[in-house]
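Worksheet: the structure to be examined is printed underneath.
Throughout, read-outs are computed from the coordinates displayed, never taken from laboratory work. Being a predicted model, the structure only gives us computed values, none of them experimental. All Cβ positions, even for glycine, are placed from backbone atoms using ideal geometry, and neighbour counts span all protein chains on display.
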Protein chains: 2
Amino acid sequence: MSKPGLPQGTRDFGPETVHKRNFIFETIRSVFELYGYEPIETPAMENLDTLLGKYGEEGDKLIFKILNNGLDHVSKKETARAAFENILNGKNDTGITERALRYDLTIPFARFVVMHQNEISFPFRRYQMQPVWRADRPQKGRYREFYQCDADVVGSNSLINEVELTQIYLTVFEKLGIDVEVRLNHRKILAGLAESCGGESQTTNITTAIDKLDKIGIEKVKEELLEKNLNNDQVAVIEKYLHIDGNNSEKIQQLISLIPNKYTKTGLEDLQYILKFFNGENPEQSSGRKQKSLKDSGKVELDFSLARGLNYYTGIIFEVRAKGVNIGSIGGGGRYDDLTGLFGLRGMPGVGISFGVDRIYDVMEELKLFLPAVQRSTQVLFFNLGEEAALKSFELMQKLRKEGIRSELYHGQAKFDKQFKYAEKKRIPFVVIIGSDELSSGLAKIKDLKSGVQREVGFEEIISIMNYGL
Amino acid sequence: MSKPGLPQGTRDFGPETVHKRNFIFETIRSVFELYGYEPIETPAMENLDTLLGKYGEEGDKLIFKILNNGLDHVSKKETARAAFENILNGKNDTGITERALRYDLTIPFARFVVMHQNEISFPFRRYQMQPVWRADRPQKGRYREFYQCDADVVGSNSLINEVELTQIYLTVFEKLGIDVEVRLNHRKILAGLAESCGGESQTTNITTAIDKLDKIGIEKVKEELLEKNLNNDQVAVIEKYLHIDGNNSEKIQQLISLIPNKYTKTGLEDLQYILKFFNGENPEQSSGRKQKSLKDSGKVELDFSLARGLNYYTGIIFEVRAKGVNIGSIGGGGRYDDLTGLFGLRGMPGVGISFGVDRIYDVMEELKLFLPAVQRSTQVLFFNLGEEAALKSFELMQKLRKEGIRSELYHGQAKFDKQFKYAEKKRIPFVVIIGSDELSSGLAKIKDLKSGVQREVGFEEIISIMNYGL
């Protein structure tokens, strides 16, 4: 019998990790709900047709496809063989793989909106927290199975949504204790930059190059732009653009004087609308001053170098970074004009944000932000000292559990020593000892394993001790 | 563009259903934790090797296998073709499908225990609530993706575990408001029955036939037994066995006089040990009398006709049925001698139970047991009446949200009528109206849409109204 293993890029989570991850999920969930976002869930499997062509050619290759079952029953084995040959030749063929694992939550959401459009009241605020699967090469921090946590509102052009989503970011990270900066930019400003540097047709090249700034540095970005047939003057403007600095109002002034066209104007109007909602972060005030609003643990910063890769965003884009750690972005999102056009439903604009739970977990571990209370393991162990005593313990434990106190009876009769060791190993803070002496005296021994304090108490007192301490 | 659809046997869940399902999951989770059970999570994908051969030949066919990615890169296309031919011929071959979707939570748990045996303190109480996938033919109430909710304790032979698991069943269903009967039997009693009817070698045949009693009725069961070479006398004993009736102590007496062998003796000792813990359910009392214990909503009943299919159980077996509905079992489980032997770790006995969440959901819908508070949608809608008023509303909403009140700002300026309609359609109970008049007076209008009552109140009063009503 060979030792069992796990598929590359996948993970088991033990109790401690599950509790910590659930704390993150539940924090995000509760904030989403405070803002009127409602949960949906979609199946892990989608029709492969639904997914193909939505993530680019490279994406198609990274989708996990599920082999049809019952292929041995197929009368047309030749058809199956032909489909398999197509796959061997790198072509997409859904003949023997009709289903696949979802690759993100956005396309399943778009499918959901189209399929359920008659039941939904728009604007539809939905959140979704489920795993996705990608056949990426596994590496540190990159997994083949990982959770996405998305909130989107569709069917609304209102910038109020961007304001609320920014506030969701700030509230979630405040609750988690992570000091963050929410960075904002606007796709129209990137379009404005392109317009003034080689024309709109260069938007993709410029966005792609800027998106790499963090990874490859300014010199390499300039090289890449020159290769794309931008001239030195144009590259110089882009370099100046990337060096825009200061507080939000200083950044806005620099942008206006560098690229005073209609695109940047529109983009700035949207951004300024949003900033207005964040006291102390509006352009009239210094961004260096300490905030006095709800948002003590975070602030909202313009960052014109923000690009958010090549995706379907058309308006405001978001990114969140934690201060004091070097872990990259822990959230991102933006506005799009058309969520569902690919599935035949036009005119469905929206805006959404996403939380990077694996990275948030890493940040919280690195900064030691998980409180011990996040763990929900046993609070009190009842020793097992014979059948009659166990019956009494069982009765008391039922009362404790009614009060929400996590209680455990040692699983079998054993020496004191062994039962103590078990409690210590599982870090159970209290033990209760009821044996034949205690049964006749009507008093139980209760011991706080951390302080070493032990007392004899009436059976009914145990509950209050568990609630208020020894 | 063809209309998008869902793979057969899979489901989307909208907000209302997700909230209801989460209520069930969270109730089960909280009770598991009260009893010292801790959560683990395993990946959706397992190595196909880990799963094959664990669920019988029929099970192997129902496992969803994932096609390897990058088959077009393979230099040995011939090997891939050979593997595919094997699959076409109905053979198991992991050559082009190294991974598969988990089929249940038990085998992944066994793998987890073996892989993490050095980190785990035994006995290990774990719970796991995750989806599983089976390529079964979809039909009413049977899906290809569904959740399992399992709690198991491994590394312990103590019957205290069975007592606690029975209590977990009773507590969960009490919390959900479902009146249930937890039925108990013992595999040793089935072995005792076989011993007295054709010998131990008939255990499988007899168990399999009895397991079908509910579906096919007693006459068909008898036919099946006769076909398996049992004689008329033996079948008559089995029929008498299946007709054992009365309260728990009456059933025990009937069993003892019908099959007085060492197997039934051992089985009964275990069962009586457990019954002792349930006041009013012990053999000395009538099971007809109303319970006065914690377990008002459920009772523990012996059911010697319980078989729990052909699986690895060796001791006590459980099944839960809801009273007043005809939905079959909503939970089941039992004791096993050897969880991990298949993966090379011997001597790991345990006992576990499972909750059938889909059926529990159906029972709760049928009996109208979901309270409106299960829904967590928006509690108050702020009307949007211009930018300045929206800023004020945003500020007030932040305060409400700090108090945990789910608040929403209407997404754009619109006529009163339209904003009211939105609130009604989304069944939001309160609306707050702040326009320019209200800004200057410092009073907001708040309306309870159900009663129609409307009042003018100071901005700061809104919170207390949301908490205590108009």
**OP:** Apply the Karplus parameterisation 6.51 cos²θ - 1.76 cosθ + 1.60, with θ equal to phi minus 60°, to every residue of the stretch B:344-358 and state each ³J(HN,Hα) to the nearest whole Hz, in sequence, with x for glycine and proline.
**Re:** x, 10, 8, x, 10, x, x, 8, x, 10, 9, 10, x, 5, 4
Original post:
Relative contact order, percent, of chain A when contacts are C-alpha pairs under 8 Å separated by at least 6 residues?
Top reply: 14
**OP:** Starting from 0 in steps of 5 Å, tell me what percent of the Cα-Cα pairs of the stretch B:377-468 lands in each bin.
**Re:** 3, 15, 29, 28, 20, 5, 0
Subject >> Where only C-alpha atoms are counted, convex hull volume of chain B per residue in Å³ >> reply: 228
Subject >> Cα convex hull volume per residue for the stretch A:197-237 (Å³) >> reply: 57
**OP:** May I ask you to list the aspartates and glutamates whose Cα is less than 20 Å away from that of A:LYS91, ignoring any residue fewer than eight positions away on the same chain?
**Re:** A:GLU46, A:ASP49, A:GLU57, A:GLU58, A:ASP60, A:GLU78, A:ASP136, B:ASP72, B:GLU78, B:GLU85
Original post:
Can you pull out the trypsin sites (Lys or Arg not before Pro) in the stretch A:78-112 that DSSP calls coil and that have at most 14 other Cβ atoms within 10 Å?
Top reply: A:LYS91
Subject >> Karplus-derived 3J(HN,Hα), 6.51/-1.76/1.60, for each residue of the stretch B:121-131, Hz, glycine and proline x >> reply: 8, 9, x, 9, 9, 10, 10, 8, 10, 8, x
Subject >> Cross-link reach list, aspartates and glutamates versus A:LYS262, counting only Cα pairs under 12 Å and skipping chain neighbours closer than eight places >> reply: A:GLU195
Original post:
Using a ≥ b ≥ c from the Cα gyration tensor of the stretch B:370-425 (square roots of the eigenvalues), is it rounded, prolate or oblate, where a/c under 1.5 gives rounded and otherwise the larger of a/b and b/c decides, a/b for prolate?
Top reply: oblate
Original post:
Could you give the radius of gyration (one decimal) and Dmax (whole number) of the Cα atoms in the protein assembly as shown, in Å?
Top reply: 31.5, 102
Subject >> Whole-Å distance, taken between Cα centres, linking the stretch B:95-139 and the stretch A:90-166 >> reply: 26
Subject >> Anisotropy class of the stretch B:1-136 from Cα gyration tensor, a/c 1.5 cut >> reply: oblate
Subject >> the stretch B:382-470: trypsin sites (Lys or Arg not before Pro) in DSSP loop, at most 14 other beta carbons within 10 Å >> reply: B:LYS415, B:ARG427, B:LYS450
Subject >> Unit charges at the beta carbon, dipole of the protein assembly as shown: most positive-side option, A:LEU371, B:LEU439, B:ILE244 >> reply: B:LEU439
**OP:** Per residue, how big is the convex hull around the C-alpha atoms of the stretch B:337-382? Give it to me in cubic angstrom, could you?
**Re:** 163
Original post:
So which aspartates and glutamates can A:LYS220 reach, going by Cα to Cα under 17 Å and dropping same-chain residues fewer than 8 places off?
Top reply: A:ASP211, A:ASP233, A:GLU239
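What translational diffusion coefficient, in µm²/s and rounded to a whole number, does the Stokes-Einstein relation yield for the stretch A:52-107 at 20 °C and a viscosity of 1.002 mPa s, taking the hydrodynamic radius as the Kirkwood radius over Cα pairs?
Answer from the Stokes-Einstein relation: 175 µm²/s.
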Original post:
Where does the longest stretch of chain A lie that holds no GluC sites (Glu not before Pro) found in a DSSP loop with 11 or fewer other Cβ atoms within 10 Å?
Top reply: A:285-459
Original post:
According to the Kirkwood expression over distinct Cα-Cα pairs, how big is the hydrodynamic radius of the stretch B:77-162, in Å?
Top reply: 16.1
**OP:** Work out the P(r) tail for the stretch B:11-65: percent of alpha carbon pairs separated by more than 19 Å, whole number.
**Re:** 58
Original post:
Roughly how many whole Å is it from the C-alpha centroid of the stretch B:1-64 to that of the stretch B:376-447?
Top reply: 39
**OP:** Using θ = phi - 60° and the Karplus relation 6.51 cos²θ - 1.76 cosθ + 1.60, list the HN-Hα couplings for the stretch A:190-202 in order, rounded to whole Hz, with x at every Gly or Pro.
**Re:** 5, 5, x, 4, 4, 3, 8, 10, x, x, 4, 4, 8
**OP:** May I ask which residue of B:TYR468, A:PHE13, B:PRO15 lies farthest towards the positive end of the charge dipole of the protein assembly as shown, with charges of +1 (Lys, Arg) and -1 (Asp, Glu) on Cβ and the Cα centre as origin?
**Re:** B:TYR468
Original post:
Using +1 on the beta carbon of Lys and Arg, -1 on that of Asp and Glu, and nothing else charged, what's the dipole of chain A about the Cα centre, debye to 20?
Top reply: 800
Subject >> Shortest-first distances to equivalent copies, position B:ASN247, nm, label 7 Å out along Cβ >> reply: 8.1
Subject >> Pairs beyond 20 Å (Cα-Cα), from A:LYS323/B:LYS402; B:LYS276/B:LYS299; B:LYS240/B:LYS276; A:LYS140/A:LYS426; B:LYS175/B:LYS425 >> reply: A:LYS323/B:LYS402; B:LYS240/B:LYS276; A:LYS140/A:LYS426; B:LYS175/B:LYS425
Original post:
Using +1 on the beta carbon of Lys and Arg, -1 on that of Asp and Glu, and nothing else charged, what's the dipole of the protein assembly as shown about the Cα centre, debye to 20?
Top reply: 120
